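As structure tokens, the structure follows; a few thoughts come after it.
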Amino acid sequence: MTTATQFEKQATEKIADRPPKSGSQLLLESLVDQGVETIFGYPGGAIMPVYDVLPSIPELRHILCRHEQGCGMAAIGYARATGRTGTAFATSGPGATNLITAIADAYLDSVPVVFITGQVPTNLMGTDAFQEVDIFGMTLPVVKHSYIVRDPADIPGMVAEAYFIAAEGRPGPVLIDLPKDVANAMTTERHKWRPYPKVKPEMGQSDYISKAEELMREAKKPLFYIGGGIAQGDGVAELRDLVERTDIPVVSTLKGLGAMPSDHPKFLGMLGMHGLKAANYAVQECDLLIVAGARFDDRATGKLDTFAPHAKVIHMDIDIAEINKLRQVDVYLDGSLKKNLAALNPGRSECDDWRALCYGRREEYVWDYEGAQAKASPGVYAPKLLHDLSRRADDSAIFTCDVGQHQMWVAQHCYFDEPKDHITSGGLGTMGFGLPAGLGAKLGAPERTVITVSGDGSIMMNIQELATLYRYGIPLKIVLLDNSVLGMVRQWQEVFFDKNYSETNLDDNPDFALVAKAFQIDAFTVNTVDEVDAGIDRLLNTDGPVLMHVKIDPNENVWPLVPPGRSNADMMER
């Protein structure tokens with residue numbers, strides 16, 4: 001990856017005569033220079049010059065997804081499974097607009113992806129030409145940075161900067177819009193590229209570190225509240241070390257799952273709207289909240305002015321804009337989470353009574369997979385199935401999932417040892433995310449077992465990517481939980497809208513196993529509890545792509561549930 005030092009070197013390098021190359025050639029060679037190996041894309045008219053050159057660049061593997069949204073989400077899955085910047089191609093017009101959901105998803109979950117779109121020739125821009133849209137303007141709210149290429153000589157420096165920006169600081173998506181005439185244009189020049197501005201200080205000031213340590217020593221009920229920034233800031237080892245040194249309990253956001261192992265003795269679970277009771281009660285009663293890489297998202301906090309009402313706040317985040325945005329803090333540490341976590345050394349917290357309360361609640365509220373909750377659900381009980389699958393999958397398994405009830409069940413009942421073990425759409429909540437993200441994750445981490453958990457509503461939004469699995473022989477394992485309704489919406493209609501089940505009935509679903517087989521994917525259906533064990537075995541032991549279609553009760557809901565506008569302590573149960 002390009003560093004700031006390399007930018008400075010590039011900026012001062014003398015420009016020598018070179019053989020003429022097209023903008024397309026320069027683009028692809030520049031991707032190779034940035035270490036890109038895999039591109040997820042879909043060709044079309046405006047980006048065709050790039051695809052014309054692509055076969056001559058053997059270092060680049062192109063994966064043809066079957067929809068541009070699938071391309072973008074596969075690139076996100078690849079980035080999150082590898083820790084590297086993902087890359088997606090699309091053509092102009094509808095190709096580019098089909099990427100917007102993926103771009104927004106990457107933006108809200110801070111995922112580094114470079115999206116490259118074709119554009120109509122520059123002389124036609126602004127004329128409402130065929131397949132012309134202002135993708136630059138349309139995506140301004142959901143990118144870290146964006147470019148329209150006007151001169152092919154700018155491309156090497158522009159690409160280098162794009163990959164630097166995508167990964168530097170708080171990661172996020174970058175857009176490069178390439179007009180067709182610039183892609184075709186030949187040039188012998190390589191313009192100098194400006195030095196990139198110096199990165200922010202890597203660690204909070206020492207007096208702020210001291211103040212944070214003082215608060216941690218004084219607290220009688222301290223609690224770590226961790227988010228996705230821990231993994232993105234490469235701070236997992238430092239967090240775990242600090243937790244061990246301080247002996248302070250931990251709760252996590254949806255995106256923070258895995259930063260602490262799910263079965264770690266100090267981990268209380270996920271907090272928030274569908275958080276575990278021990279986690280939510282701990283937040284509401286703590287007197288110090290140590291926030292690391294989290295942003296006080298509404299799904300985590302519930303009613304904000306009732307969230308951790310007795311707590312002072314230490315907030316660590318690489319993005320200074322998140323500090324004091326939603327909650328006033330007592331001490332903040334911006335810059336590198338990794339270095340700030342390592343710098344904190346307050347000693348072991350003197351809070352034995354607090355620890356006993358938190359860990360006692362965790363045991364009191366442990367999920368009973370064989371008890372009344374399971375027996376109350378006729379047929380296959382999804383939480384138990386996911387718990388058992390997670391325990392029987394190998395330690396390196398990655399779970400990707402769509403959005404809905406199954407997403408919350410995965411978060412509550414699967415076990416994650418590392419953040420990369422859990423890939424889901426957090427901030428945007430994108431249905432259709434799981435399947436393309438799963439194939440991207442498997443291509444990025446081929447040595448790992450990758451399991452996609454989807455619902456019958458979500459999978460229909462990008463089901464065409466089954467064709468991508470077949471074409472490339474990607475051995476993704478898919479668990480499709482089918483309750484023949486839009487489950488999460490139906491649950492809200494039941495609880496908050498007087499059971500007015502408006503437009504959530506999906507009882508005309510196809511036979512998903514037959515659909516998968518039509519795509520030449522191995523598939524089977526699990527209808528009863530007695531078939532679950534054999535189904536999990538078949539899923540885990542099938543060599544190629546496979547889909548396990550599981551019929552579940554449409555009346556089964558996700559619990560606990562914090563009603564909107566209520567405190568996290570006000571949890572509804574079955």
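Answer with yes or no whether residue 340 is under 25 Å from residue 429 (Cα atoms) and either under 24 Å from the mean Cα position of the chain (by Cα) or surrounded by fewer than 17 Cβ atoms within 10 Å (Cβ to Cβ) (or both).
no
Hey, could you check the range 105-134 for residues that are under 22 Å from residue 36 (Cα atoms) and part of a helix (DSSP H, G or I) and say which is farthest from the chain's Cα centre (by Cα)?
Residue satisfying both the conditions and the ranking: 107.
Which residues, counting only those in the range 287-323, are in a loop (DSSP other than H, G, I, E, B) and under 24 Å from the mean Cα position of the chain (by Cα)?
Residues satisfying the conditions are 293, 294, 295, 296, 297, 302, 318, 319, 323.
May I ask you to list the residues in the range 130-163 that are within 18 Å of residue 30 (Cα to Cα) and out of contact with any strand residue (DSSP E or B) (no Cβ under 9 Å at 6 or more places or on another chain)?
156, 157, 160
State which residue is farthest from residue 438 (Cα to Cα) when the search covers only the range 533-546 and only residues that are in contact with a Lys or Arg (Cβ under 8 Å, 6 or more places away or on another chain) and among the aliphatic types (A, V, I, L, M).
By that ranking, first place goes to 536.
Being over 19 Å from residue 235 (Cα atoms) and among the basic types (Lys, Arg) is the filter here; which residues of the range 252-291 pass it?
277
I want to confirm something. Restricting to the range 135-157 and keeping residues that are β-branched (Val, Ile, Thr) and outside any loop (DSSP other than H, G, I, E, B), which single residue is farthest from residue 50 (Cα to Cα)?
Among them, the one singled out is 142.
I'd like the residue in the range 255-280 that is touching a helix residue (DSSP H, G or I) at 6+ places or on another chain (Cβ under 9 Å) and not in a loop (DSSP other than H, G, I, E, B) and, out of all such residues, is surrounded by the fewest Cβ atoms within 10 Å (Cβ to Cβ).
Filtering the range 255-280 for residues that are touching a helix residue (DSSP H, G or I) at 6+ places or on another chain (Cβ under 9 Å) and not in a loop (DSSP other than H, G, I, E, B), the one surrounded by the fewest Cβ atoms within 10 Å (Cβ to Cβ) comes out as 277.
If you check 80, 66, which single one turns out to be among the basic types (Lys, Arg) and assigned to a helix (DSSP H, G or I)?
Among 80, 66, only 80 is among the basic types (Lys, Arg) and assigned to a helix (DSSP H, G or I).
Of the residues 63, 57, which is in contact with a Cys (Cβ under 9 Å, 6 or more places away or on another chain), assigned by TED's automatic domain parsing to the domain that holds residue 85 and closer than 19 Å to residue 90 by Cβ?
Being in contact with a Cys (Cβ under 9 Å, 6 or more places away or on another chain), assigned by TED's automatic domain parsing to the domain that holds residue 85 and closer than 19 Å to residue 90 by Cβ holds for just one of 63, 57, which is 63.
Take residue 468 and decide whether it is outside any loop (DSSP other than H, G, I, E, B) and touching a helix residue (DSSP H, G or I) at 6+ places or on another chain (Cβ under 7 Å).
Here the answer is yes, as residue 468 does meet what is asked.
Consider only pairs whose beta carbons are under 8 Å apart and that are at least six residues apart or on different chains; among these, list those whose first residue lies in the range 124-143 and is assigned by TED's automatic domain parsing to the domain that holds residue 46 and modelled with pLDDT of 95 or more and whose second residue is of a type in the set (S, T, N, Q) and assigned to a loop (DSSP other than H, G, I, E, B).
From the range 124-143, the pairs are 131/91; 131/92; 132/92; 133/92; 135/92.
Run down 466, 514, 540 and say which single residue is buried (at least 18 other Cβ atoms within 10 Å of the Cβ) and in the same structural domain as residue 402 (by TED's automatic domain parsing).
466
How many residues are in contact (Cβ under 8 Å) with a residue 60 or more places away in the chain and acidic (Asp, Glu) if we restrict to the range 283-305?
The total comes to 3.
If you scan the range 232-254, which residues turn out to be closer than 20 Å to residue 408 by Cβ and outside any loop (DSSP other than H, G, I, E, B)?
Correct list: 250, 251, 252.
Do you know which residues across the range 19-76 are among the β-branched types (Val, Ile, Thr), free of Cβ contacts under 8 Å to residues at least 60 places away in the same chain and buried (at least 23 other Cβ atoms within 10 Å of the Cβ)?
Result: 39, single match.
For the range 210-254, give me each residue that is among the β-branched types (Val, Ile, Thr), touching a Ser or Thr at 6+ places or on another chain (Cβ under 7 Å) and surrounded by fewer than 24 Cβ atoms within 10 Å (Cβ to Cβ).
The answer is 246, and nothing else.
Can you find a residue that is of a type outside the set (Ser, Thr, Tyr), surrounded by 14 or more Cβ atoms within 10 Å (Cβ to Cβ) and out of contact with any helix residue (DSSP H, G or I) (no Cβ under 9 Å at 6 or more places or on another chain) anywhere in the range 557-568?
No - not one qualifying residue is present in the range 557-568.
Restricting attention to the range 382-399, which residues are assigned to a strand (DSSP E or B) and closer than 23 Å to residue 557 by Cβ?
Within the range 382-399, 399 is the sole residue that qualifies.
Only one of 209, 165, 230, 176 is in contact with a Phe, Trp or Tyr (Cβ under 6 Å, 6 or more places away or on another chain) and of a type outside the set (Asp, Glu); which?
Being in contact with a Phe, Trp or Tyr (Cβ under 6 Å, 6 or more places away or on another chain) and of a type outside the set (Asp, Glu) holds for just one of 209, 165, 230, 176, which is 176.
Taking into account only those residues within the range 171-208 that are of a type in the set (Lys, Arg) and at pLDDT below 95, which is nearest to residue 129 (Cα to Cα)?
By that ranking, first place goes to 190.
With respect to residue 283, determine if the residue is over 22 Å from the mean Cα position of the chain (by Cα) and surrounded by 24 or more Cβ atoms within 10 Å (Cβ to Cβ).
yes
Every residue, every condition in (1) in contact with an Asp or Glu (Cβ under 7 Å, 6 or more places away or on another chain); (2) assigned to a loop (DSSP other than H, G, I, E, B), yes or no:
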residue	(1), (2)
489	no, no
495	no, no
499	no, yes
502	no, yes
515	no, no
537	no, no
544	yes, yes
549	yes, no
554	no, yes
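The values are calculated or read from the model by the stated rules, or taken from the named source; none is laboratory data. Remember, predicted model here, so these are calculated numbers, not experimental data. Note that each Cβ is placed from the backbone with ideal geometry, even for glycine, and that neighbours are counted across all protein chains shown.
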